[in-house]
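Working notes for the structure below.
The values are calculated or read from the model by the stated rules, or taken from the named source; none is laboratory data. Fair warning: this is a prediction, and the values are worked out from it, not measured in the lab. With ideal geometry, Cβ positions are generated from the backbone for all residues, glycine too; neighbour counts draw on all protein chains shown. Surface accessibility is based on the protein's heavy atoms, side chains included, excluding ligands, DNA and RNA. Shrake-Rupley method; radii C 1.70, N 1.55, O 1.52, S 1.80 Å.
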Amino acid sequence: MTVFSLGGTIASTGGAASGVRPQLGAAELIEAVPQLHEVAELETVAFRQIPSGDLTLRDVVELAAEITKRFAAGASGVVITQGTDTIEETSFALDLLVPGPQPVVVTGAMRNPTLAGPDGPANLLAAAQVAAAPEATGLGTLVVANDEIHAARFVRKTHTSSTAAFRSITPGPLGWVVEGRVRIAFRLPALETDLPSAIGAHEIPPIALLTSALDDDARLVAEVEKLGYAGLVLEAFGGGHVPAHVVPALEDLASRVPVVLASRTGGGEVLRSTYGFPGSERDLLARGLIAAGFLDGLKARILLSLSLAAGADLLDVRTAFRQVGAFAFPAGVP
Ligand code: ASP
């Protein structure tokens, strides 16, 4: 089993005076957890050593290629350690980029190794136990933290410091780890799209992410194209609503670039057929916006970026969102 380290709190040390920074690589991380050697034979790769906010989608594409190589050579699972700040995005990108069925398990820590009760070693051990578990095969990329197993498609970081920061608000965690046993309570349908795996060296286009807010006139919508963005993900109110006066700018933009409608609530899925007022989900979808389904804005942005990087046209993007964000919702269903 390979452990790739990317930096983050789990790898951060230093003095109280100057603050901690990512300084430990995978080899040092596994040294602190002797029980890991009972789980699998380990290879370590210090892939990056940075705060996770400094990672790029290109880094993740390169990591996915390394993982795919190992799977092709017979590896049965991999673990990635990284900063938790962007884990909900990197794990979902890996989910799209690494063909299964072997488990890819991403973990991190909320308390760095200089604090009392750091959670990194326990998270790393649980992540390796999941990556080695036959039950985890076919579940795509997983995030393991605080002894819970989350699907990359749903997990969100919901707290700045709690070790229970990770939540899958809509379905709950897929399972848990107890006394080293991996329990999977339910399985998700396989993530069905082969679009993004074709990215290679293609440019990854910038995608804007905006959130609707009370009494904001959304003037940034009109700037999206001028600023060079190739598309927009809008985290709208509730089930997918915006103020009526914002509709013309969104419709205009959606006639030229993909505009994806997500919800700012962080749970549930975008509605399709309930409300009829101007700026409602029915109105916006009829004007060409693409429903994000159950993907939140951050994950919808990853899917749109990788789809466009793989050469998707507008129809392909619609298909990708139906496949990934709605469990392959049949075309033609509203
Ligand atoms: N606070 C972050 C972490 O939990 C830092 C980062 O994301 O790199 O690892």
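Of the residues making up the stretch 182-201, none is without any contact (Cβ under 8 Å) to a residue 40 or more places away in the chain and closer than 20 Å to Gly266 by Cβ.
Being away from the ligand (no atom under 16 Å from the Cβ) and either in contact with a Leu (Cβ under 6 Å, 6 or more places away or on another chain) or without any contact (Cβ under 8 Å) to a residue 40 or more places away in the chain (or both) is the filter here, so list the residues in the stretch 62-89 that pass it. Selection gives Glu62, Ala64, Ala65, Thr68, Lys69, Phe71, Ala72, Ala73, Gly74.
Looking at Ala312, Ala300, which is the one that is of a type in the set (A, V, I, L, M, F, W, C), within 18 Å of Glu192 (Cα to Cα) and out of contact with any Gly (no Cβ under 9 Å at 6 or more places or on another chain)? Among Ala312, Ala300, only Ala312 is of a type in the set (A, V, I, L, M, F, W, C), within 18 Å of Glu192 (Cα to Cα) and out of contact with any Gly (no Cβ under 9 Å at 6 or more places or on another chain). Filtered by the rule that a residue be open to solvent by less than 20 Å² (accessible area, probe 1.4 Å) and either in a strand (DSSP E or B) or at pLDDT below 95 (or both), the stretch 65-88 gives Val78, Val79, Ile80, Thr81.
As an exercise: evaluate Ala109 against (1) within 16 Å of the ligand (Cβ to nearest atom); (2) part of a loop (DSSP other than H, G, I, E, B); (3) surrounded by fewer than 24 Cβ atoms within 10 Å (Cβ to Cβ) and give the number of the one condition it does not meet. The one condition Ala109 does not meet is (3). Against the definition (within 16 Å of the ligand (Cβ to nearest atom), under 20 Å from Ala128 (Cβ atoms) and either open to solvent by less than 70 Å² (accessible area, probe 1.4 Å) or at pLDDT below 95 (or both)), how does Gly8 come out, yes or no? Yes: the conditions hold for Gly8.
Taking (1) assigned to a strand (DSSP E or B); (2) away from the ligand (no atom under 16 Å from the Cβ); (3) not polar (S, T, N, Q) in turn, Ile30 satisfies each apart from (1).
Restricted to the stretch 33-59, and to residues there that are acidic (Asp, Glu) and not in a loop (DSSP other than H, G, I, E, B), the residue that is least open to solvent (accessible area, probe 1.4 Å) is Asp59.
In the stretch 112-150, the qualifying residues are those that are within 16 Å of the ligand (Cβ to nearest atom) and in a helix (DSSP H, G or I), and the one that is surrounded by the most Cβ atoms within 10 Å (Cβ to Cβ) is Ala127.
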